[in-house]
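Below is one structure; the comments refer to it alone.
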Amino acid sequence: MEAAEILVEPLGGNDSLADKIGELIREAQSTSDIKQKLEHLNKAQHLLLSVDSSGHLLDNFLDEMLEFTSSEDFHMRCFSANFIEKACKKDADILKKAITNLSYLLMSGSQSRGGVMVMKRVITVCANIYPYILKWACSRKADAEAEKCWEAFSVLKGRIVSHADSDNEG
């Protein structure tokens, strides 16, 4: 989606940024039309990652945004992978919660329609966030949670390498 398409109308008097994000996520959850879901989620993503400078709202709404990972539609699954990438680039701590979602997307990719596209997207996301995660993990040497997250990311990296070594091309 182009930047002009995701602009959200100005927040009115009593409306807060958190209320608007919550409303957009609820609308995405309630509609069955994938195009509308993606439209609402792209707006919520824009508010979370570009408008909210504090980063607190990203942490508050992360679980709700990650719920869309389990969608049957491959467009939604690719959106989830893209969201994880952008969120990790903004705050690498996000990976602590999102690593299981990336693993799920990679492992379940071959079992669904559009699964190869999802797998390719996850592989690209992992390659793109690798430098951010490495820097983050190195800066938290004494953090057991960061070490556990790094180990999970290393397992994910191993799965990606095994896909690359498989007989399937592409």
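The table for this structure:
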{"item": "Matching residues, segment 26-56, being buried (at least 20 other Cβ atoms within 10 Å of the Cβ) and either at pLDDT below 95 or out of contact with any helix residue (DSSP H, G or I) (no Cβ under 7 Å at 6 or more places or on another chain) (or both)", "result": "none"}
{"item": "Hits in segment 63-74 (condition: surrounded by fewer than 19 Cβ atoms within 10 Å (Cβ to Cβ) and either among the hydroxyl-bearing types (Ser, Thr, Tyr) or modelled with pLDDT of 95 or more (or both))", "result": "63, 64, 67, 70, 71"}
{"item": "Among residues of segment 109-142, those that are more than 23 Å from residue 68 (Cβ to Cβ) and either surrounded by 15 or more Cβ atoms within 10 Å (Cβ to Cβ) or modelled with pLDDT of 90 or more (or both), counted", "result": "9"}
{"item": "Exclusive hit being under 26 Å from residue 140 (Cα atoms), at pLDDT below 95 and surrounded by fewer than 16 Cβ atoms within 10 Å (Cβ to Cβ), set 59, 93", "result": "59"}
{"item": "Conditions (1) touching a residue at least 12 places away in the same chain (Cβ under 8 Å); (2) over 24 Å from residue 57 (Cβ atoms); (3) not polar (S, T, N, Q): number failed by residue 127", "result": "(1)"}
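The values are calculated or read from the model by the stated rules, or taken from the named source; none is laboratory data. Predicted, not measured: the structure shown is a model, and the values here were computed from it. Using ideal geometry, Cβ is built from the backbone for each residue, glycine included, and neighbour counts are taken over all protein chains shown.
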